[in-house]
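S.K.: Supplied in structure tokens, the structure appears directly below.
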Amino acid sequence: MVKRRTGPEVTPHSIIVMEKNRVDEEFMDAIRTVVEKAVQTALATYLPPKEDVLLSRKATAERLHCHVSTLWRYEKNSYLVPLRRGGAVFYRSSDIERIERGEMRA
């Protein structure tokens, strides 16, 4: 009598392994679906940050209707963060807008 070879032997262990692999694939597919939906939602609602414009001390004082010494006090109290380029001092437009809205704390 000749034994026919039809494939790997099916044992209880091999059945458990096959079932585990099937469950793992289903789980991974579910995770992929959730992640894809989350990424799509995030991309749909993403607004790129507004680019800050830098204003000089003089321009900032004029915009805020104050003296340049007031800007120094705002710096000291951390209302404004100065950016120094060479010998010049600049301020971010977002910081100035925050002060204009009355939100003095950084």
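S.K.: Check each of the trypsin sites (Lys or Arg not before Pro) in segment 41-70 and keep only those in coil by DSSP with at most 13 other C-beta atoms within 10 angstrom; list them in order.
M.R.: Here the trypsin sites (Lys or Arg not before Pro) that fit, given the DSSP loop and packing criteria, are Lys50.
S.K.: Report the GluC sites (Glu not before Pro) located in segment 6-81 that are in a DSSP loop and have at most 15 other Cβ atoms inside 10 Å of their Cβ, or state none.
M.R.: Taking segment 6-81 and a limit of 15 other Cβ atoms within 10 Å, the loop GluC sites (Glu not before Pro) found are Glu9, Glu51.
S.K.: Moving on. What full-extension length gain, to one decimal in nm, is calculated for Lys37 and His65 as 0.36 nm per residue of separation minus the Cα-Cα distance?
M.R.: Stretched out fully, the Lys37 to His65 stretch lengthens by 5.3 nm.
S.K.: On the first, second and third principal axes, largest extent first, how far apart are the outermost C-alpha atoms of the chain in Å?
M.R.: Largest to smallest, the principal-axis extents are 106, 29, 21 Å.
S.K.: Are there chymotrypsin sites (Phe, Trp or Tyr not before Pro) in segment 1-90 that DSSP marks as loop and that have at most 15 other Cβ atoms within 10 Å, and which are they?
M.R.: Hits after loop and neighbour filter: Tyr46.
S.K.: Another question about this same structure. Identify, among Gly102, Ala38, Ile16, the residue whose Cα sits farthest towards the positive end of the charge dipole of the chain, taking +1 on the Cβ of Lys and Arg and -1 on the Cβ of Asp and Glu, with the dipole about the Cα centre.
M.R.: Gly102
S.K.: Cross-link candidates for Lys58: which aspartates and glutamates have Cα within less than 17 Å, leaving aside residues fewer than 8 places away along the same chain?
M.R.: Reachable aspartates and glutamates: Glu75, Asp95, Glu97, Glu100.
S.K.: What does the charge dipole of the chain about its Cα centre add up to, to the nearest 20 debye, if the Cβ of each Lys and Arg holds +1 and the Cβ of each Asp and Glu holds -1?
M.R.: Computed charge dipole of the chain: roughly 400 debye.
S.K.: While we're looking at this one, here's another question. Only Cα pairs under 8 Å and at least 6 apart count here; give the relative contact order of the chain as a rounded whole percent.
M.R.: 21 percent
S.K.: Hey, another quick one. Calculate one ³J(HN,Hα) per residue across segment 9-20 by plugging θ = phi - 60° into the Karplus curve 6.51 cos²θ - 1.76 cosθ + 1.60, and present them in order as whole Hz with x for glycine and proline.
M.R.: For segment 9-20, the Karplus-derived couplings read 5, 8, 10, x, 5, 5, 5, 5, 5, 4, 5, 4 Hz, x marking Gly and Pro.
S.K.: With point charges of +1 on the Cβ of Lys and Arg and -1 on the Cβ of Asp and Glu, referenced to the Cα centre of the chain, which listed residue (Val81, Ser69, Tyr91) lies farthest in the positive direction of the dipole?
M.R.: Ser69
S.K.: Provide the net charge surrounding Glu19, with neighbours chosen by a C-beta distance below 12 Å and charges set as Lys +1, Arg +1, Asp -1, Glu -1.
M.R.: Net charge around Glu19: -1.
S.K.: In terms of the Cα gyration tensor, with a ≥ b ≥ c the square roots of its eigenvalues, is segment 54-100 rounded because a/c is under 1.5, prolate because a/b exceeds b/c, or oblate?
M.R.: It is rounded, given that a/c, with a ≥ b ≥ c, falls under 1.5.
S.K.: Next up: With a 10 Å Cβ neighbour count serving as the proxy for reagent exposure, in which order, fewest first, do Val23, Val68 appear?
M.R.: The most exposed by this proxy come first: Val23, Val68.
Where a number appears in this text, it was derived from the coordinates with a stated rule and is not lab data. Keep in mind the model is a prediction, meaning the values are calculated, not measured. Note: ideal-geometry Cβ built from the backbone for every residue, glycine included; neighbour counts use all protein chains shown.
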